[in-house]
Amino acid sequence: MMNNPIKIKQIFENQEKLVGDLLHASCDYFSYEPTIQEYCSISNSKDCITFVASNERNENLGVLCKKMTTESTSEVIVMSVNPSYRRTGIGSLLLSTAESESIKNGNVYMMAKIIGPSQKSPPALNTYNFFLKQNYCLLAEYDFIWQDCYCGIIAKQIC
Ligand SMILES: CC(C)(COP(=O)(O)OP(=O)(O)OC[C@H]1O[C@@H](n2cnc3c(N)ncnc32)[C@H](O)[C@@H]1OP(=O)(O)O)[C@@H](O)C(=O)NCCC(=O)NCCS
């Protein structure tokens, strides 16, 4: 963990810019501009909740967007931590904050779509390992949801 305190807060304005900045910083994982723009646009929608992680200098280091998909379930739509600050616990903090908020809203499950392990892409395997560490499990992998890429459906019972 880092010595600097990290604050997680929900943001209600300028989501698109903040999400865009943090996804552009993670160019190892987000390299396709139309996908970045799609996530930016989703972050601006009414039913999307955006959490940001910042340090004591108010630098934004990570972001997570989530949505309720059914009464029982919320979905992590996208998340990203600035590569220079990875493996310091920020992703875990963002995810646990999103899970707590979902539990408060009556959700039982949290899910996400990630690049599936069968794709054998190193950055995507890192992401998969991150979610495994947070006790998510792979429910299915499909090759027809995203073009040219396996989509892994992962989920966790959060309460
Ligand atoms: C996935 C991601 C959000 C993780 O954020 P993070 O702040 O680095 O995660 P944490 O520091 O909380 O990691 C917690 C644990 O997850 C596992 N983990 C995280 N990154 C890992 C990696 N690159 N390789 C292997 N395990 C990893 C480790 O067990 C880690 O604990 P440890 O550092 O004590 O070993 C970040 O790597 C990222 O932004 N990736 C690119 C975008 C992305 O994949 N988004 C998710 C899909 S939309």
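No lab work stands behind these numbers, since they all come straight from the coordinates. Bear in mind that the values here come from a model prediction, so they are computed numbers and not experimental data. All Cβ positions, glycine included, derive from the backbone under ideal geometry; neighbour counts span all protein chains shown.
Give the residue that is surrounded by the most Cβ atoms within 10 Å (Cβ to Cβ), with candidates limited to residues of segment 1-45 that are polar (S, T, N, Q) and touching a residue at least 24 places away in the same chain (Cβ under 8 Å).
In the first step, residues of segment 1-45 are kept if they are polar (S, T, N, Q); the result is 3-4, 10, 14-15, 26, 31, 35, 37, 41, 43-45.
Those left that are additionally touching a residue at least 24 places away in the same chain (Cβ under 8 Å): 4, 10, 15, 26, 41, 43-44.
Numbers: ASN4: 12, GLN10: 12, GLN15: 22, SER26: 20, SER41: 14, SER43: 24, ASN44: 16.
In this case the residue turns out to be SER43.
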Problem set entry | Which listed residue is assigned to a helix (DSSP H, G or I) and more than 19 Å from PHE131 (Cβ to Cβ), from SER45, SER41 | SER41
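Pick from CYS48, CYS149: which is in contact (Cβ under 8 Å) with a residue 24 or more places away in the chain, within 15 Å of the ligand (Cβ to nearest atom) and surrounded by 17 or more Cβ atoms within 10 Å (Cβ to Cβ)? Outline the logic, then answer.
Working: CYS149 fails: surrounded by 17 or more Cβ atoms within 10 Å (Cβ to Cβ).
It is CYS48.
Answer yes or no: is there a residue in segment 118-133 that is assigned to a loop (DSSP other than H, G, I, E, B) and either under 22 Å from SER26 (Cβ atoms) or within 16 Å of the ligand (Cβ to nearest atom) (or both). It would help to see each step written out before you state the result.
The initial filter retains those residues of segment 118-133 that are assigned to a loop (DSSP other than H, G, I, E, B), namely 120-121.
In the following step, the residues that additionally are either under 22 Å from SER26 (Cβ atoms) or within 16 Å of the ligand (Cβ to nearest atom) (or both) were identified as 120-121.
Yes, some residue in segment 118-133 is assigned to a loop (DSSP other than H, G, I, E, B) and either under 22 Å from SER26 (Cβ atoms) or within 16 Å of the ligand (Cβ to nearest atom) (or both).
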Seminar exercise, completed: In segment 51-65, anything in contact (Cβ under 8 Å) with a residue 12 or more places away in the chain and either closer than 15 Å to VAL81 by Cβ or among the hydroxyl-bearing types (Ser, Thr, Tyr) (or both) is listed as PHE51, VAL52, ALA53, SER54, ASN55, ASN60, LEU61, GLY62, VAL63, LEU64, CYS65
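Restricting to segment 97-117, count the residues that are of a type in the set (Gly, Ala, Ser), within 16 Å of GLN157 (Cα to Cα) and more than 9 Å from the ligand (Cβ to nearest atom). Even if it seems obvious, please write down each step before you answer.
The initial filter retains those residues of segment 97-117 that are of a type in the set (Gly, Ala, Ser), namely 98, 100, 102, 106, 112, 116.
With the extra rule that they be within 16 Å of GLN157 (Cα to Cα), the set shrinks to 98, 100, 102, 106, 112.
From the residues that got through so far, the ones that are more than 9 Å from the ligand (Cβ to nearest atom) too are 98, 100, 102, 106.
Selection size over segment 97-117: 4.
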Exercise. Going through segment 49-99 one residue at a time, which ones are of a type in the set (Lys, Arg) and not in a loop (DSSP other than H, G, I, E, B)?
Worked result: LYS66, LYS67
